[in-house]
1. How many of the residues in the range A:233-268 are within 30 Å of residue A:126 (Cβ to Cβ) and in a helix (DSSP H, G or I)?
2. Under the condition of being assigned to a loop (DSSP other than H, G, I, E, B) and hydrophobic (A, V, I, L, M, F, W, C), which residue from the range A:299-340 is farthest from the other protein chains (Cβ to nearest Cβ)?
3. Quick one: in the range A:81-113, of everything that is exposed (fewer than 13 other Cβ atoms within 10 Å of the Cβ) and part of a helix (DSSP H, G or I), which residue is nearest to the other protein chains (Cβ to nearest Cβ)?
4. State which residue is farthest from residue B:93 (Cα to Cα) when the search covers only the range B:127-143 and only residues that are away from chain A (no Cβ under 14 Å) and not aliphatic (A, V, I, L, M).
5. Sort through A:167, A:160 and tell me the only one that's touching a helix residue (DSSP H, G or I) at 6+ places or on another chain (Cβ under 6 Å), aliphatic (A, V, I, L, M) and farther than 30 Å from residue B:67 by Cβ.
6. Which of the residues belonging to the range B:115-142 are farther than 29 Å from residue A:183 by Cα and surrounded by 16 or more Cβ atoms within 10 Å (Cβ to Cβ)?
7. What number goes with the only condition from (1) assigned to a helix (DSSP H, G or I); (2) within 30 Å of the chain's Cα centre (by Cα) that residue B:113 does not pass?
8. Listed residues A:278, A:305, A:222, A:213; which is touching a residue at least 12 places away in the same chain (Cβ under 8 Å) and either in the same structural domain as residue A:125 (by TED's automatic domain parsing) or exposed (fewer than 15 other Cβ atoms within 10 Å of the Cβ) (or both)?
Amino acid sequence: MIDALVVVSRATLREPDGSLSGRFRSEGTVAAPGSQDRLAGSLRSVATSTVQAASRLGPPPQQGWVRRFLAAFAELWAARELTGNLVRRDLKVRHRGTFLGMLWSLTTPLLIVGLYYFIFKFIIKAAVAQDLPRPDGQAVPFAVYFFCGLSIWNLFATGVSASTSSVIGSGYLLNKVYFPRSVLPIASVLSALVTFGFEFAVLVFITLIAVGPPSIYVLWVPVIVAVVFLQAVGLALLLSAVTVYLRDMVHFIGIFMQVWFWSTPVIYSLIYVARESPAALNLLKANPMTGAVVSFRNVVVLNNPPALKLLAYGAACAVVMAVMGTTVFARSQRRFSEIV
Amino acid sequence: MGVAIACHDVWKSYRIYHQRSHTLKEKVLSRRNVFEEFWALRGIDLAVPEGATMGIIGANGSGKSTLLKTMARILTPNKGSVMVNGSVSPLLELGTGFHPELTGRENVFMACSVLGQKRRDVEDRYDQISAFAEIESFMDIPVKNYSSGMYARLAFAVAISVEPEILIIDEVLSVGDESFQIRCYQRLEELRAQGRTIVLVSHSLPTISGMCTEAAWVDHGEIREVGTTDDVVAGYVAAVHNEAAEFTEQAEQHPAGKRYGSGQAEITDVSFVDGDGQEVSSFRTGDPLTMRLAYRAHAVDDELVCGIGVLRAENLAYLFGQNTVQAGVPLPRNEGTVEFTLPSLPLLKGEYVVNVVLHDRSGRHIYDCHDRKYWFSVVENSTMPIEGGMMHVTGEWSAWTSPVSA
């Protein structure tokens, strides 16, 4: 125990036999981890000319989870420039060297809208998009209706699927430098959010021309986007951490998002399902994304109030997903740099 | 002064997987991963004082890099704690955070933010960085189109532009050409003068001796010694040489050793002895040094002559050589011991190798030669002024004012 309080000053350090020592030797024992006397801190190292109390070097006090969470959040905030740079890099790299550049992020959803328009106009011919009427009586073309749902869905889907490999794809960074690891999946979701911003601008423009002006309900958009964003971040944290230990996730996530897409009223309306298949309706209502997609369409193109109950359920799910994702990520991240 | 980095009883193990299951199929089929646990760090207690430049030395696989990565928070210890006071930038390789598709300019900002630098600070230093890399006109093209030299210069410029409170450097920085290294050391010197803490891992003892005020010697995951650089380096060198000496003994039994000659006489033992008569392998400049050589002659018909030669280890520069003929010392015919004593060792800090040879009077007929088989090291003598080169020579300086020409 005396060792624990050894104050090291080079000129006065004496070996046990009383001779003046020119060198400091740490004990260098092969104590088993957990041995008590080591915990007491047989700290004998150090400083040539400085005088230090060993007590300063003891293990840090255990913190409560609230404080840990706040500390993690502060760390994340401190790394915001890095996050911004990662998002910027993501967007730049994805489209650099291609002829259309940034326009690609718009072309893809527009082409998909064109494809589905063709299918539902000429092949299937079902009124899948029959939804609430607009108060001003304007008809909403299927293409606009679908593009609206697709844009908010894409925010979620591209964010989650891109983040899945965000950690395993950054091994070169993990091994060389420390930063809060959660920056990686969060940056993936943020770059999906930027792409969504472009799509949303186009959507508003098209809606103004093809349908009509929005109503006051459009002010709900930030709330809805926040719910989707939180869900995506929660899932992104969870999946990116799991993928480190189980690489199958990368392949699995594609089909998983396909199933989820068809389980969400993006291409069809909730009203259509309620009429055609009431049994499936309950299943759809259990989907955390249903409320967000339906509400987003209601407030942006249909000028109707959001589906509040479903949206609230989605928000609750988002919180649960975020907590789960954060917990799993925080627990597994310490070994990322060794495994990746 | 406070402590910049405090490692308290740090243990770190790696799992060496014989078969790692990464896929679901493998996970299901083989329930358990087969692995061995390897303890890279075993209870490290180490404090780096604020403003110190600490070198970490040790053999390959001793845990130096693991310790460094633990300090940089890249690795989390299994047990124990690492406390760091201040911002840390680890420089473990050049070009961390670079992306080939991004331009030079974008990569500067990217890499600096990865290293924990603020954008505003980087903006201030941007011109300096591009000027340092000497590629101002190429800053707006993607680095994938750079030559490897341009890439390395930019990466290097970024690396040395960082200004954290604590800098953690692996020896990767010692790659690159000489001008890089010189600038690197100048920069480290600047940072040290600003009172920043530097932790440096290197294999090169001269680098450690030259740069660091303090050193820690890591051996098999434990701290073997901490203290002033000269002390620790001397201890380390002595230990390495002891191991090498054992190795030499083994090598002696093999005919393939660096040994040749007719065998009419043989050198049976060579040792280096200090002023107290102790056999050692590390000396200080100015200390007495005696080389002691035992021999046995079997069938020598001519006069027996013993010679020694001393060379600088790193470049094998031949420093001096003497023999018993020149000195007029006859050797006993059958068996004996020869000593060569330097009352004041003139060699400066470094490693030296020694040739010993037995031959006839003409020097044409070699009985036994041990070529570059023995070595000793010289460490700085703190009581003597610092000199350049390999040798201490006595000389006198004088100076006077020149008469003003009319």
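1. Of the residues in the range A:233-268, 10 are within 30 Å of residue A:126 (Cβ to Cβ) and in a helix (DSSP H, G or I).
2. Only one residue tops the list, namely A:302.
3. Within the range A:81-113, the match that is nearest to the other protein chains (Cβ to nearest Cβ) is A:101.
4. Among those residues, the one meeting the criterion is B:137.
5. A:160
6. B:132, B:133, B:135, B:138 - these are the residues of the range B:115-142 that are farther than 29 Å from residue A:183 by Cα and surrounded by 16 or more Cβ atoms within 10 Å (Cβ to Cβ).
7. The single condition residue B:113 does not satisfy is (2).
8. Going through A:278, A:305, A:222, A:213 in turn, the sole match is A:305.
The values are calculated or read from the model by the stated rules, or taken from the named source; none is laboratory data. Fair warning: this is a prediction, and the values are worked out from it, not measured in the lab. Here Cβ is always computed from backbone atoms with ideal geometry, including for glycine, and neighbour counts include all displayed protein chains.
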